[in-house]
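What follows is one structure encoded as C-alpha cells, with my remarks underneath.
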Amino acid sequence: MNKLLLPILLLAATTGLLTGCADRLDMENASIPLTLGLDLGQDNEPVMYSTFPVFTKNSKKKTQETSARARTFRQSRAEQDAHSAGVFSGRNYQVFLIGKRMLEQENWFQMLDVIFRDSKNTVSDRVIVFDGPLADIIYLNPKDQPLLPILLRGMVDTKSGKSETVNTNLQELHRQLFESGMTPSISEVRLDAKKNIKLNGTALLNHQGKYVTSLDTSETVLLRILQNKVKKSASITLSMPGEPEQKPFHLDKISFATDQTRTETKTITSTHQGEFHFDIIIKMKISLFEVLFPYDIENKTPELEQLLSEEMQKQFEKLIKKIQQHAIDPVGLGLHARAFEYKEYKAVKNDWGKALSSADIRVQVKIKIDAMGPVK
Amino acid sequence: MKKYAYNEITLMQFICILSGVQLSVGLLALPQRLAQRAGTDGWIGLLLIWVFTVIANLIIVRVMSSYPQGTMMDLLTHYCGRWVGKIAAVLLALYFFLYGYVGITRTILYVKQWLLPQTSTFQIMLLLLIPTYTVARNGLRIVGRYAELVFFISLWIPFAYLLPLQDAQWLYLLPVLKEGWLPILSAAEIAFLSFSGIGITMVLYPFLLHKRQAFAGVAISNTVSMLVFLMISLICFVYFSPSEIKEYNEPVVNVLKNIEFKFIERIEVVFISFYLFMFSLSWIPTFHASAFCVSWMLGKPDHRNPLRVIWLILAAGTLLFMPSFTQNDMMGRWLSKIAFGFEDAIPVCLLIYLWTKKE
C-alpha cells in the first residue's frame, strides 16, 4: 500500500501542474502578421504597418493590412491588435519592410530593440527597403501575384541566389551594424511605372544605418564577387569596346556566367600615415552564353580572356570608386584590415569608412573561359 | 572490504557524470563572457584553464588513491580523526548543494525567458524536482546511467551547430593575441566556473569500478568538456561580429535563431527544451552527492531522507526567494571562488600533508 502511495501522489501532483501552461495560444485566437513595416508618416512620426493572411471563407481579400502610429513597436502592438480578430504575435515575420524616408534617419535601428529583446520574435525576416512611401506597397494587393510577404521573400531568396541582390535578414543586419569594419547592405524594391513590384538591387547604408546610395542588379553582382559571396553562378553582360553598336541593336554585347569565382584579398599598410593598400585578385572561370559580334573564339581565346579581364577590371574600379566616394565599406575590407593590420586598423576603426576612402585599392581580374557553348 | 559495493559505476558513467556537471548551465553564456574579457581571443583562455583543471583533478585523484576504499570524508577520518571528517562532510554537502542550486535556478531562469514566460517559478521548480527525485533517490549507479543516457541522446547537438557555419566569417578570429596575454588570463578566470564541479570526484571515487582508470577518467572528461566549450565558443566567435557578441546574453542560443527549416521555425526553442537534459546533470549528481554527505555524517546508509529535505527546502524556498539573473550571476561568481578552495587549494594542501605524513 505504502509503495503505491508515493507514485500516485506524484502523478496527481504532475497532472495538477500540467494545467498550468498559461502561455498557450490557440491558433484560432492568433493573428499571424507576415510583414512588418516601418516608415515615417507625413508628420515625421513613425508608422508601423503589418499585413496578415485571413483564413475566413467569406472574405474575398486574402490579407488584412493594419497601420498604427506609435512611438515604439511594442506600443503599436495594442493599436494593431484592436484591428484584428486574434492576438497579435511576432513569431512569424517573413519580411521586414522599411520606407526610404525612415532609412534616411540615423539610428533608426534602435527602434527594433524589441525584436531582439523579446525572444519570441523571429530574426530571420528579410530586410527590404522600399523606395517610396510604404503605404503604396502595403495596400497595393496586386491581383495576379501571391501575398506580398511571400512574393518579397521569394524575390530576395532567388535573386540573392543569383547574386543580384544581397540576402540580409535582421540578424545579419544586426551583425553588419555592429561590425566596425563593414557597412550594411540590404535589398531594395520599388514600384515601376505600371505599379508592379520590382527588385531594384541593393541599398548601401553607413555605419549608423543611414541610407547612402543604391546599387543596381549588375553592380550588386560585382559587389558579391568582391565579397567572395557568389555561391551559384552569376550572369554578367559587358559591352565590348571597339565593336560597332549598330543601332537600334546593341551588337557590342557579350554575356557570360561565372562558373566559379575566387576572390583573394591582401592587405598591406604602408608606414606612411598608416595608409591601407588592398590587392584584390579575382579569379573567374566563365562560360560564354551570348556573343553578339563576330569573333574567332577558338583561335583567339587568350586575347578574349585578356579583353574581358580588362573590361571587368574597369567595372570593379568604377564600383570601388563609388564606394570610396561615399565613405562606406560594404565589401568588408575592414575585416581584412583588422585581421592582418590590427594596430593600424585600431587607430581608425571608429571611422573606418573614411579611412577606406583614402585607401589604395587595386583590383586584378583573371578570367578563364571554360566553355564557349555549342556554336563557334 | 568494500563499503560501497553494489553501486559501482563504470568508467563511462564516471566520465559522463563528471563532464555533465561541468558542461551545464555555464555553457550558454560562456562565449559572451569570454568575448567580454578577451574578444575573439577568449578561446585561448579555455585551453589554459583546461590544463589547470586537469592538473587539479589529477591531484584530487592522487589524494583519493591513498585511501581507495572511501570518499573524501572517509579519508579525512582515517588520517585526521572523526571530527575533521564530519566537518568536511558538512562543508562538502553545502558546497554541492550550492552548486546544484545555482544550476537549477539558472535553468529555471532560462526556461522562463525562452519557453514559459508566464508560468510561475514555483511551478517550474516543482516540474524539475519531480524527475530529479526519481533519479537521485536511487544509488549512484542509476545517476550514472542517467548521465550516460543524457550523453548519448545529446550526441546530435554538435552537428546542429555546424549549420550556422555557412554564415561564418573566419577573419573574426584574426589576429590571434590582439592585446597580449593579459586579457586572455582574465578570460581564463571567467572560464574557471565552467570547468568547476570536478570536486564531485571526491565522492565518486570509491564507487569507481577500477580505481586505476580514475586518472584516465578525469583526463578524458575534462578534455570532452574542453572540446565542447571550445567548439561552441569558436562557432559563436566566427558567427557574430566581435562587438556584437557582447550584446547577447546567451549567444549559444541566438546562434541558432537564424536556422530555417521548411518544417520548423524558431528552432532554438527545441534546443532550449533539449538542453534541460544536459542542465539537469548540474544538479542531479550534485544534490545526490550533497544528500550522500549528509547521510554519511549522520552515519545512516540511506541517503533518501536528506534528499527529501533538500527537495522540500528547494520547493518551499522558491516560494520565498528566487534569484534574478544578476543575483544568479553573483552566486556563480561566489561559487567559482568557493570551487577554487574546494577543488584546487584544499587537495594540494592534503597532498602535501599526506606526503609529509608518509615520511
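Only the coordinates and a few stated rules stand behind these numbers; no lab work does. Everything numeric here is computed off the predicted structure, so don't read it as measured data. Virtual Cβ from ideal backbone geometry, glycine too; neighbours counted across all protein chains shown.
Taken together, the criteria place B:A214 among residues that are within 26 Å of B:L18 (Cβ to Cβ) and in contact (Cβ under 8 Å) with a residue 12 or more places away in the chain. The residues in the stretch B:132-153 that are without any contact (Cβ under 8 Å) to a residue 12 or more places away in the chain and either surrounded by 19 or more Cβ atoms within 10 Å (Cβ to Cβ) or charged (D, E, K, R) (or both) can be counted, and the count is 0. Take the conditions (1) out of contact with any Ser or Thr (no Cβ under 9 Å at 6 or more places or on another chain); (2) within 14 Å of another protein chain (Cβ to nearest Cβ); B:R266 misses just one of them, which is (1). Among the residues making up the stretch A:136-151, those that are outside any loop (DSSP other than H, G, I, E, B), aliphatic (A, V, I, L, M) and in contact with a Ser or Thr (Cβ under 7 Å, 6 or more places away or on another chain) are A:I138, A:L148.
Only residues that are within 21 Å of the chain's Cα centre (by Cα), part of a helix (DSSP H, G or I) and within 11 Å of chain A (Cβ to nearest Cβ) were counted in the stretch B:217-263, giving 1. Taking the listed residues B:L128, B:L92, B:L109, the one that is in contact (Cβ under 8 Å) with a residue 24 or more places away in the chain, over 19 Å from B:Q327 (Cα atoms), within 14 Å of chain A (Cβ to nearest Cβ) and assigned to a helix (DSSP H, G or I) is B:L128, with no other qualifying.
Can you find even one residue in the stretch B:288-296 that is within 14 Å of another protein chain (Cβ to nearest Cβ), without any contact (Cβ under 8 Å) to a residue 24 or more places away in the chain, touching an Asp or Glu at 6+ places or on another chain (Cβ under 7 Å) and buried (at least 16 other Cβ atoms within 10 Å of the Cβ)?
no
Within the stretch B:145-174, the set of residues being within 18 Å of the chain's Cα centre (by Cα) and assigned to a loop (DSSP other than H, G, I, E, B) comprises B:S154, B:L155.
Quick grid of which residues meet (1) surrounded by 23 or more Cβ atoms within 10 Å (Cβ to Cβ); (2) farther than 29 Å from A:F256 by Cβ; (3) touching a residue at least 24 places away in the same chain (Cβ under 8 Å):
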| position | (1), (2), (3) |
| --- | --- |
| A:R101 | no, yes, yes |
| A:I150 | no, yes, yes |
| A:L170 | yes, yes, yes |
| A:S185 | yes, no, yes |
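If the condition is being β-branched (V, I, T) and either more than 15 Å from the chain's Cα centre (by Cα) or part of a helix (DSSP H, G or I) (or both), then the stretch B:22-69 contributes B:T40, B:I44, B:I49, B:V51, B:T53, B:V54, B:I55, B:I59, B:I60, B:V61, B:V63. In the stretch A:6-121, counting only strands (runs of 3 or more DSSP E) that sit wholly within it, the ones holding 1 or more residues that are within 14 Å of chain B (Cβ to nearest Cβ) span A:95-99.
Among the residues in the stretch A:274-285, are any closer than 19 Å to A:R224 by Cα, basic (K, R), in a strand (DSSP E or B) and within 26 Å of the chain's Cα centre (by Cα)? Yes: the stretch A:274-285 contains one or more residues that are closer than 19 Å to A:R224 by Cα, basic (K, R), in a strand (DSSP E or B) and within 26 Å of the chain's Cα centre (by Cα). Looking only at residues of the stretch B:175-197 that are within 14 Å of chain A (Cβ to nearest Cβ) and outside any helix (DSSP H, G or I), we find that the one that is surrounded by the most Cβ atoms within 10 Å (Cβ to Cβ) is B:K178.
Residues that are farther than 25 Å from A:L335 by Cβ and either without any contact (Cβ under 8 Å) to a residue 40 or more places away in the chain or β-branched (V, I, T) (or both) within the stretch A:254-272 comprise A:I254, A:S255, A:A257, listed in sequence order. Evaluation of A:N121 against the conditions (1) crowded, with 21+ Cβ neighbours inside 10 Å; (2) under 16 Å from the mean Cα position of the chain (by Cα); (3) closer than 30 Å to B:N249 by Cβ shows that the sole unmet condition is (2).
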